[in-house]
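Accompanying notes for the structure given below.
The values are calculated or read from the model by the stated rules, or taken from the named source; none is laboratory data. Note that the structure is a prediction, hence the values are computed from the model and not measured. Reconstructed Cβ throughout: ideal geometry from the backbone, glycine too, with neighbour counts over all protein chains shown. Accessible surface is based on the protein model in full, side chains and every heavy atom, while ligands, DNA and RNA are left aside. Shrake-Rupley method; radii C 1.70, N 1.55, O 1.52, S 1.80 Å.
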Amino acid sequence: MIYLDNSATTKPLPRVTAAVAAAMEEDFGNPSSLHRLGLTAEKTLKGARKAVTASLGVKDTEITFTGSGTEADNTALFSMARAGSRRGKKIITSDGEHPAVLEACRALSENGFSIAYIRTDHQGFPDLAQLEEELTEDTILVSMMAVNNELGTIFPIKEISQMVRSKTKALLHTDGVQAYGKVNMALGTGLVDAASISAHKVHGPKGVGALWVRENLHLQPFVYGGGQERGFRSGTENMPGIAGFGEAARILQEEGEDRQLAMAAARQRLMEGLLAQIPDITINSPVKAYTGNGIPYAEGARGLAEEDILCCPAILNVSFLGCRGEVLLHSLEQKDIYVSTGSACSSNSKKKGSHVLQAAGLSFDQVEGAIRFSLSGDNTPEQMDQVVEELSKIVASMRRLMRRR
(Lines give C-alpha, C1' and ligand atoms only; values in the text may rest on other atoms or scores of the structure.)
Protein backbone atom coordinates (compact mmCIF):
# COMPACT_ATOMS: atom_id res chain seq x y z
CA MET A 1 0.00 0.00 0.00
CA ILE A 2 1.10 3.54 -0.80
CA TYR A 3 -0.91 5.97 1.32
CA LEU A 4 -0.99 9.57 0.06
CA ASP A 5 -4.06 10.96 1.81
CA ASN A 6 -2.32 12.13 4.97
CA SER A 7 -4.05 15.52 4.95
CA ALA A 8 -7.32 13.65 5.51
CA THR A 9 -5.84 11.51 8.27
CA THR A 10 -2.60 9.75 9.15
CA LYS A 11 -1.94 6.21 10.29
CA PRO A 12 -1.38 6.19 14.08
CA LEU A 13 2.17 5.22 14.98
CA PRO A 14 2.75 2.07 17.11
CA ARG A 15 3.73 4.09 20.19
CA VAL A 16 0.50 6.06 19.83
CA THR A 17 -1.75 3.01 19.63
CA ALA A 18 0.06 1.53 22.64
CA ALA A 19 -0.64 4.71 24.63
CA VAL A 20 -4.30 4.67 23.59
CA ALA A 21 -4.65 1.00 24.54
CA ALA A 22 -3.04 1.54 27.94
CA ALA A 23 -5.43 4.42 28.69
CA MET A 24 -8.40 2.21 27.80
CA GLU A 25 -7.33 -1.08 29.35
CA GLU A 26 -5.23 -0.13 32.37
CA ASP A 27 -5.32 3.56 33.31
CA PHE A 28 -9.04 3.97 32.61
CA GLY A 29 -9.85 6.22 35.56
CA ASN A 30 -11.55 9.61 35.34
CA PRO A 31 -8.89 12.32 35.84
CA SER A 32 -11.34 14.20 38.08
CA SER A 33 -11.65 11.28 40.52
CA LEU A 34 -9.72 11.47 43.78
CA HIS A 35 -8.66 7.83 44.04
CA ARG A 36 -5.51 6.23 42.68
CA LEU A 37 -6.93 5.46 39.23
CA GLY A 38 -8.10 9.04 38.93
CA LEU A 39 -4.74 10.42 39.99
CA THR A 40 -2.99 8.16 37.45
CA ALA A 41 -5.28 9.47 34.70
CA GLU A 42 -4.65 13.03 35.84
CA LYS A 43 -0.91 12.43 35.60
CA THR A 44 -1.36 11.13 32.03
CA LEU A 45 -3.45 14.20 31.21
CA LYS A 46 -0.80 16.57 32.52
CA GLY A 47 1.95 14.69 30.72
CA ALA A 48 0.10 14.80 27.41
CA ARG A 49 -0.59 18.52 27.81
CA LYS A 50 3.08 19.15 28.52
CA ALA A 51 4.10 17.15 25.43
CA VAL A 52 1.71 19.03 23.14
CA THR A 53 2.72 22.43 24.48
CA ALA A 54 6.41 21.53 24.16
CA SER A 55 5.85 20.61 20.50
CA LEU A 56 4.31 24.06 19.99
CA GLY A 57 6.71 26.03 22.16
CA VAL A 58 3.97 27.42 24.42
CA LYS A 59 2.92 27.18 28.08
CA ASP A 60 0.98 24.27 29.59
CA THR A 61 -1.78 26.61 30.76
CA GLU A 62 -2.47 27.85 27.23
CA ILE A 63 -3.77 24.58 25.73
CA THR A 64 -7.33 23.26 25.93
CA PHE A 65 -8.05 19.78 24.61
CA THR A 66 -11.07 19.54 22.32
CA GLY A 67 -12.90 16.82 20.42
CA SER A 68 -11.39 17.75 17.03
CA GLY A 69 -9.72 20.49 15.04
CA THR A 70 -13.19 21.53 13.89
CA GLU A 71 -14.33 22.00 17.48
CA ALA A 72 -11.18 24.00 18.19
CA ASP A 73 -11.93 26.29 15.22
CA ASN A 74 -15.55 26.72 16.24
CA THR A 75 -14.63 27.38 19.87
CA ALA A 76 -12.12 30.02 18.82
CA LEU A 77 -14.40 31.84 16.40
CA PHE A 78 -17.55 31.89 18.53
CA SER A 79 -15.72 32.74 21.76
CA MET A 80 -13.52 35.42 20.18
CA ALA A 81 -16.45 36.96 18.29
CA ARG A 82 -18.41 37.13 21.53
CA ALA A 83 -15.45 38.75 23.29
CA GLY A 84 -15.29 41.59 20.77
CA SER A 85 -18.98 42.04 20.02
CA ARG A 86 -19.30 45.27 22.02
CA ARG A 87 -16.62 46.96 19.90
CA GLY A 88 -17.87 45.86 16.49
CA LYS A 89 -19.33 43.10 14.37
CA LYS A 90 -16.84 42.67 11.53
CA ILE A 91 -14.95 39.41 11.04
CA ILE A 92 -12.39 38.78 8.29
CA THR A 93 -11.35 35.43 6.84
CA SER A 94 -10.22 34.06 3.48
CA ASP A 95 -12.33 32.38 0.81
CA GLY A 96 -10.01 29.34 0.86
CA GLU A 97 -10.51 28.38 4.51
CA HIS A 98 -11.53 24.94 5.74
CA PRO A 99 -15.31 24.40 6.19
CA ALA A 100 -14.75 24.39 9.95
CA VAL A 101 -14.04 28.12 9.67
CA LEU A 102 -16.30 29.02 6.73
CA GLU A 103 -19.38 27.35 8.22
CA ALA A 104 -18.73 28.92 11.62
CA CYS A 105 -18.49 32.31 9.90
CA ARG A 106 -21.74 31.63 8.06
CA ALA A 107 -23.44 30.88 11.38
CA LEU A 108 -21.99 34.07 12.87
CA SER A 109 -23.31 36.08 9.92
CA GLU A 110 -26.79 34.78 10.72
CA ASN A 111 -26.34 36.17 14.22
CA GLY A 112 -25.58 39.75 13.27
CA PHE A 113 -21.88 39.63 12.40
CA SER A 114 -20.51 40.93 9.10
CA ILE A 115 -18.04 38.62 7.32
CA ALA A 116 -15.45 39.87 4.81
CA TYR A 117 -13.80 37.21 2.64
CA ILE A 118 -10.27 37.85 1.39
CA ARG A 119 -9.64 36.61 -2.14
CA THR A 120 -6.99 33.97 -2.80
CA ASP A 121 -5.00 33.74 -6.03
CA HIS A 122 -4.37 30.73 -8.29
CA GLN A 123 -1.95 29.29 -5.73
CA GLY A 124 -4.22 29.93 -2.77
CA PHE A 125 -2.20 32.94 -1.56
CA PRO A 126 -4.33 35.65 0.14
CA ASP A 127 -4.74 39.12 -1.34
CA LEU A 128 -2.96 41.20 1.29
CA ALA A 129 -3.93 44.50 -0.35
CA GLN A 130 -7.60 43.61 0.05
CA LEU A 131 -6.94 42.56 3.66
CA GLU A 132 -5.40 45.95 4.37
CA GLU A 133 -8.47 47.68 2.94
CA GLU A 134 -10.87 45.51 4.94
CA LEU A 135 -9.12 46.16 8.27
CA THR A 136 -11.39 48.86 9.69
CA GLU A 137 -11.97 50.04 13.25
CA ASP A 138 -15.00 47.80 13.69
CA THR A 139 -13.00 44.65 12.85
CA ILE A 140 -12.99 42.43 15.94
CA LEU A 141 -11.65 39.12 14.62
CA VAL A 142 -9.42 37.88 11.79
CA SER A 143 -9.11 34.15 11.10
CA MET A 144 -6.50 33.09 8.53
CA MET A 145 -5.26 29.52 8.10
CA ALA A 146 -1.56 28.76 8.48
CA VAL A 147 -1.51 26.18 5.64
CA ASN A 148 -4.19 25.65 3.02
CA ASN A 149 -5.49 22.10 3.35
CA GLU A 150 -5.90 21.47 -0.40
CA LEU A 151 -3.09 23.44 -2.04
CA GLY A 152 -0.58 23.45 0.82
CA THR A 153 0.05 27.18 0.47
CA ILE A 154 1.66 28.70 3.56
CA PHE A 155 -0.06 31.91 4.59
CA PRO A 156 2.17 34.88 5.52
CA ILE A 157 1.02 34.97 9.12
CA LYS A 158 3.73 37.37 10.29
CA GLU A 159 2.78 40.04 7.77
CA ILE A 160 -0.92 39.45 8.35
CA SER A 161 -0.31 39.88 12.08
CA GLN A 162 1.61 43.10 11.57
CA MET A 163 -1.23 44.52 9.48
CA VAL A 164 -3.91 43.49 11.97
CA ARG A 165 -1.99 44.81 14.98
CA SER A 166 -1.13 48.14 13.34
CA LYS A 167 -4.64 48.98 12.12
CA THR A 168 -7.08 47.40 14.60
CA LYS A 169 -7.61 45.94 18.03
CA ALA A 170 -8.91 42.73 16.46
CA LEU A 171 -8.01 39.29 17.71
CA LEU A 172 -6.17 36.98 15.30
CA HIS A 173 -6.87 33.24 15.04
CA THR A 174 -5.17 30.73 12.76
CA ASP A 175 -6.35 27.29 11.73
CA GLY A 176 -3.09 25.39 12.17
CA VAL A 177 -4.44 21.88 11.58
CA GLN A 178 -2.44 21.27 8.39
CA ALA A 179 0.58 23.26 9.61
CA TYR A 180 1.13 21.47 12.92
CA GLY A 181 4.16 19.20 12.73
CA LYS A 182 5.13 20.38 9.26
CA VAL A 183 5.63 24.15 9.44
CA ASN A 184 6.80 26.36 12.30
CA MET A 185 3.63 28.10 13.47
CA ALA A 186 5.58 30.58 15.61
CA LEU A 187 3.11 30.44 18.48
CA GLY A 188 4.15 32.21 21.65
CA THR A 189 5.77 35.04 19.69
CA GLY A 190 2.76 37.34 19.82
CA LEU A 191 1.84 36.90 16.16
CA VAL A 192 -1.55 35.32 16.82
CA ASP A 193 -3.96 35.09 19.73
CA ALA A 194 -5.27 31.57 19.16
CA ALA A 195 -4.54 28.52 17.02
CA SER A 196 -6.29 25.21 16.36
CA ILE A 197 -4.57 21.84 15.87
CA SER A 198 -5.62 18.20 15.55
CA ALA A 199 -4.03 14.91 16.62
CA HIS A 200 -4.96 12.71 13.70
CA LYS A 201 -3.02 14.83 11.21
CA VAL A 202 0.25 13.94 12.99
CA HIS A 203 -0.18 10.17 13.49
CA GLY A 204 -2.29 10.57 16.60
CA PRO A 205 -5.82 9.25 17.17
CA LYS A 206 -9.00 10.71 15.71
CA GLY A 207 -11.47 12.52 17.94
CA VAL A 208 -9.06 14.82 19.76
CA GLY A 209 -7.73 18.28 18.99
CA ALA A 210 -6.50 21.30 20.89
CA LEU A 211 -7.00 25.03 21.01
CA TRP A 212 -4.10 27.24 21.98
CA VAL A 213 -5.10 30.62 23.44
CA ARG A 214 -2.39 33.06 24.42
CA GLU A 215 -1.86 33.75 28.10
CA ASN A 216 -3.98 36.56 29.58
CA LEU A 217 -6.61 36.36 26.82
CA HIS A 218 -9.71 35.38 28.76
CA LEU A 219 -12.52 33.95 26.65
CA GLN A 220 -15.94 32.72 27.73
CA PRO A 221 -16.49 28.96 27.48
CA PHE A 222 -18.05 27.40 24.41
CA VAL A 223 -19.02 24.20 26.29
CA TYR A 224 -20.42 24.45 29.83
CA GLY A 225 -20.60 21.76 32.50
CA GLY A 226 -18.39 20.32 35.20
CA GLY A 227 -15.51 22.71 34.76
CA GLN A 228 -12.90 20.47 33.15
CA GLU A 229 -10.04 22.03 31.16
CA ARG A 230 -9.89 24.94 33.61
CA GLY A 231 -13.59 25.61 33.01
CA PHE A 232 -13.14 26.46 29.33
CA ARG A 233 -14.23 23.13 27.83
CA SER A 234 -16.33 21.07 30.20
CA GLY A 235 -16.91 17.36 29.82
CA THR A 236 -14.90 14.34 30.90
CA GLU A 237 -11.67 14.34 28.95
CA ASN A 238 -11.16 11.80 26.15
CA MET A 239 -8.24 10.19 27.94
CA PRO A 240 -7.37 7.51 25.36
CA GLY A 241 -7.31 10.18 22.66
CA ILE A 242 -5.36 12.64 24.75
CA ALA A 243 -2.83 10.00 25.78
CA GLY A 244 -2.30 9.16 22.11
CA PHE A 245 -2.07 12.85 21.21
CA GLY A 246 0.63 13.32 23.84
CA GLU A 247 2.64 10.41 22.45
CA ALA A 248 2.32 11.74 18.89
CA ALA A 249 3.57 15.12 20.14
CA ARG A 250 6.59 13.46 21.80
CA ILE A 251 7.44 11.73 18.52
CA LEU A 252 7.18 15.09 16.75
CA GLN A 253 9.73 16.49 19.18
CA GLU A 254 12.07 13.57 18.53
CA GLU A 255 11.63 13.04 14.79
CA GLY A 256 9.77 16.06 13.42
CA GLU A 257 12.61 17.62 11.45
CA ASP A 258 13.64 14.31 9.84
CA ARG A 259 10.04 13.54 8.91
CA GLN A 260 9.61 17.00 7.40
CA LEU A 261 12.69 16.54 5.22
CA ALA A 262 11.46 13.09 4.15
CA MET A 263 8.13 14.58 3.06
CA ALA A 264 9.88 17.29 1.07
CA ALA A 265 12.16 14.78 -0.68
CA ALA A 266 9.26 12.51 -1.64
CA ARG A 267 7.17 15.49 -2.79
CA GLN A 268 9.98 16.76 -5.00
CA ARG A 269 10.47 13.31 -6.56
CA LEU A 270 6.74 13.00 -7.21
CA MET A 271 6.47 16.45 -8.80
CA GLU A 272 9.51 15.93 -11.04
CA GLY A 273 8.28 12.51 -12.13
CA LEU A 274 4.79 13.74 -12.98
CA LEU A 275 6.13 16.67 -15.00
CA ALA A 276 8.59 14.45 -16.86
CA GLN A 277 6.26 11.56 -17.68
CA ILE A 278 2.71 12.89 -17.97
CA PRO A 279 1.85 15.70 -20.44
CA ASP A 280 -0.91 18.27 -20.01
CA ILE A 281 -0.84 18.60 -16.25
CA THR A 282 -0.77 21.70 -14.06
CA ILE A 283 0.89 21.97 -10.67
CA ASN A 284 -1.65 23.90 -8.59
CA SER A 285 0.38 24.03 -5.37
CA PRO A 286 3.32 26.40 -4.92
CA VAL A 287 6.37 24.58 -6.28
CA LYS A 288 8.87 25.32 -3.51
CA ALA A 289 8.46 23.24 -0.34
CA TYR A 290 9.13 24.73 3.10
CA THR A 291 11.87 22.82 4.92
CA GLY A 292 13.20 25.36 7.42
CA ASN A 293 12.48 26.11 11.04
CA GLY A 294 12.21 29.86 10.62
CA ILE A 295 9.03 31.92 10.34
CA PRO A 296 7.84 31.93 6.72
CA TYR A 297 7.62 35.32 5.03
CA ALA A 298 9.31 37.33 7.75
CA GLU A 299 8.98 40.51 5.73
CA GLY A 300 7.58 41.72 2.43
CA ALA A 301 5.20 38.92 1.48
CA ARG A 302 3.36 41.22 -0.92
CA GLY A 303 6.54 41.63 -2.92
CA LEU A 304 7.26 37.92 -3.27
CA ALA A 305 7.84 36.51 -6.72
CA GLU A 306 5.47 33.67 -7.59
CA GLU A 307 8.26 31.11 -7.43
CA ASP A 308 9.10 32.16 -3.86
CA ILE A 309 5.68 31.37 -2.41
CA LEU A 310 6.19 28.43 -0.09
CA CYS A 311 4.23 25.19 0.17
CA CYS A 312 3.82 22.77 3.04
CA PRO A 313 6.14 19.82 2.29
CA ALA A 314 3.25 17.39 2.80
CA ILE A 315 0.94 18.58 0.00
CA LEU A 316 1.06 18.55 -3.80
CA ASN A 317 -2.09 19.38 -5.78
CA VAL A 318 -2.01 18.50 -9.48
CA SER A 319 -4.60 18.73 -12.28
CA PHE A 320 -4.59 16.09 -15.01
CA LEU A 321 -6.36 17.80 -17.90
CA GLY A 322 -8.84 15.68 -19.78
CA CYS A 323 -9.36 13.40 -16.78
CA ARG A 324 -11.77 13.26 -13.87
CA GLY A 325 -10.09 13.33 -10.50
CA GLU A 326 -12.59 10.96 -8.91
CA VAL A 327 -11.99 8.35 -11.62
CA LEU A 328 -8.23 8.71 -11.17
CA LEU A 329 -8.68 8.25 -7.43
CA HIS A 330 -10.54 4.96 -7.81
CA SER A 331 -8.20 3.72 -10.53
CA LEU A 332 -5.23 4.31 -8.22
CA GLU A 333 -7.13 2.65 -5.38
CA GLN A 334 -7.22 -0.55 -7.45
CA LYS A 335 -3.41 -0.42 -7.40
CA ASP A 336 -3.47 0.04 -3.60
CA ILE A 337 -2.48 3.70 -3.93
CA TYR A 338 -4.61 6.14 -1.96
CA VAL A 339 -5.04 9.84 -2.83
CA SER A 340 -7.88 12.39 -2.62
CA THR A 341 -9.60 14.94 -4.81
CA GLY A 342 -9.72 17.52 -2.01
CA SER A 343 -10.70 17.98 1.60
CA ALA A 344 -12.24 14.89 3.19
CA CYS A 345 -14.43 17.20 5.25
CA SER A 346 -16.02 18.56 2.05
CA SER A 347 -16.92 15.14 0.61
CA ASN A 348 -20.45 15.34 2.06
CA SER A 349 -21.07 18.82 0.68
CA LYS A 350 -23.81 19.28 -1.92
CA LYS A 351 -21.60 21.72 -3.78
CA LYS A 352 -19.75 20.26 -6.75
CA GLY A 353 -16.01 20.71 -6.99
CA SER A 354 -13.49 22.06 -4.54
CA HIS A 355 -14.38 25.50 -3.19
CA VAL A 356 -10.66 26.10 -2.61
CA LEU A 357 -9.73 25.47 -6.24
CA GLN A 358 -12.72 27.44 -7.47
CA ALA A 359 -11.79 30.36 -5.21
CA ALA A 360 -8.25 30.17 -6.62
CA GLY A 361 -9.70 30.77 -10.09
CA LEU A 362 -8.83 27.41 -11.63
CA SER A 363 -10.73 26.41 -14.78
CA PHE A 364 -13.46 23.79 -14.78
CA ASP A 365 -11.10 21.26 -16.37
CA GLN A 366 -8.43 21.95 -13.75
CA VAL A 367 -10.89 21.56 -10.88
CA GLU A 368 -12.44 18.39 -12.33
CA GLY A 369 -9.05 16.78 -12.94
CA ALA A 370 -7.41 17.73 -9.64
CA ILE A 371 -5.75 15.25 -7.30
CA ARG A 372 -4.28 16.07 -3.89
CA PHE A 373 -1.27 13.98 -2.94
CA SER A 374 -0.57 14.42 0.76
CA LEU A 375 2.50 12.81 2.24
CA SER A 376 3.88 11.74 5.58
CA GLY A 377 7.41 11.13 6.78
CA ASP A 378 6.89 7.44 6.04
CA ASN A 379 6.65 7.98 2.27
CA THR A 380 9.78 7.44 0.19
CA PRO A 381 11.04 8.70 -3.19
CA GLU A 382 10.91 5.11 -4.47
CA GLN A 383 7.21 4.94 -3.69
CA MET A 384 6.72 8.12 -5.70
CA ASP A 385 8.39 6.49 -8.71
CA GLN A 386 5.82 3.71 -8.49
CA VAL A 387 2.96 6.22 -8.22
CA VAL A 388 4.16 8.07 -11.32
CA GLU A 389 4.51 4.84 -13.26
CA GLU A 390 1.00 3.65 -12.42
CA LEU A 391 -0.57 7.08 -12.87
CA SER A 392 1.00 7.63 -16.29
CA LYS A 393 -0.65 4.42 -17.53
CA ILE A 394 -4.02 5.33 -16.03
CA VAL A 395 -4.00 8.87 -17.43
CA ALA A 396 -2.99 7.73 -20.91
CA SER A 397 -5.75 5.10 -20.91
CA MET A 398 -8.36 7.54 -19.67
CA ARG A 399 -7.45 10.16 -22.26
CA ARG A 400 -7.66 7.59 -25.09
CA LEU A 401 -11.11 6.61 -23.88
CA MET A 402 -12.24 10.24 -23.70
CA ARG A 403 -11.03 10.91 -27.27
CA ARG A 404 -13.03 7.93 -28.58
CA ARG A 405 -16.15 9.40 -27.06
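See the values below:
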{"read-out": "Amide H contacts of LYS90 (H built 1.01 Å from N, under 5 Å, at least 5 apart or other chain)", "value": "SER114, ILE140"}
{"read-out": "Exposure ranking of MET80, MET1 by accessible area [1.4 Å probe, largest first]", "value": "MET1, MET80"}
{"read-out": "Whether region 190-320 is rounded, prolate or oblate, judged on the alpha carbon gyration tensor where a/c under 1.5 counts as rounded", "value": "prolate"}
{"read-out": "The chain - percent of accessible surface contributed by carbon and sulfur, probe 1.4 Å", "value": "51"}
{"read-out": "Computed lengthening from ARG86 to ASN111, 0.36 nm per intervening residue step minus Cα-Cα distance", "value": "7.6 nm"}
{"read-out": "Sum of -39500 (n - 2.57) over DSSP H runs of 4+, divided by residues of the chain (222 nm, nearest 500)", "value": "-13000 deg cm²/dmol"}
{"read-out": "For the chain, with +1 on Lys and Arg beta carbons and -1 on Asp and Glu, the positive-most of GLY303, PRO240, PRO156 along the dipole", "value": "PRO240"}
{"read-out": "Of LYS50/LYS158; LYS169/LYS206; LYS11/LYS167; LYS11/LYS50; LYS59/LYS206, those spanning more than 32 Å from alpha-carbon to alpha-carbon", "value": "LYS169/LYS206; LYS11/LYS167"}
{"read-out": "Protection proxy ranking, peptides 127-140, 87-100, 198-211, average beta carbon neighbours within 10 Å, highest first", "value": "198-211, 87-100, 127-140"}
{"read-out": "Test item: Cα-centred dipole of the chain, Lys/Arg +1 and Asp/Glu -1 on Cβ, debye", "value": "660"}
{"read-out": "Percent of beta bridges antiparallel (DSSP, region 119-257, rounded to nearest 5)", "value": "50"}
{"read-out": "Rounded to the nearest 20 debye, dipole of region 126-284 from Cβ charges on Lys, Arg, Asp, Glu", "value": "420"}
{"read-out": "Mean Cβ count within 10 Å, highest first, over the residues of peptides 313-321, 253-261", "value": "313-321, 253-261"}
{"read-out": "Probe 1.4 Å, protein heavy atoms only - accessible area per residue of the chain in square angstrom", "value": "43"}
{"read-out": "Kirkwood estimate for region 144-198, i.e. one over the average of 1/r between Cα atoms, Å", "value": "11.3"}
{"read-out": "Mean Cβ count within 10 Å, highest first, over the residues of peptides 10-18, 109-117", "value": "10-18, 109-117"}
{"read-out": "Debye intensity ratio in log₁₀ form over the Cα atoms of the chain, taken at each q of 0.08, 0.13, 0.14 Å⁻¹", "value": "-0.42, -1.09, -1.24"}
{"read-out": "Nitroxide proxy distance, nm - points 7 Å out along Cα→Cβ at ASP365 and LEU304", "value": "2.9"}
{"read-out": "Dipole of region 54-98, positive end: most advanced residue of LEU77, ILE91, PHE65 [Cβ charges, Cα centre]", "value": "ILE91"}
{"read-out": "Percent of Cα pairs exceeding the 19 Å cut-off, where the set is region 59-126", "value": "41"}
{"read-out": "Region 72-162 - charge dipole about Cα centre, Lys and Arg +1 at Cβ, Asp and Glu -1, debye rounded to 20", "value": "440"}
{"read-out": "Long-range HN-HN contacts of LEU171 with modeled amide H, under 5 Å", "value": "LEU141, VAL142"}
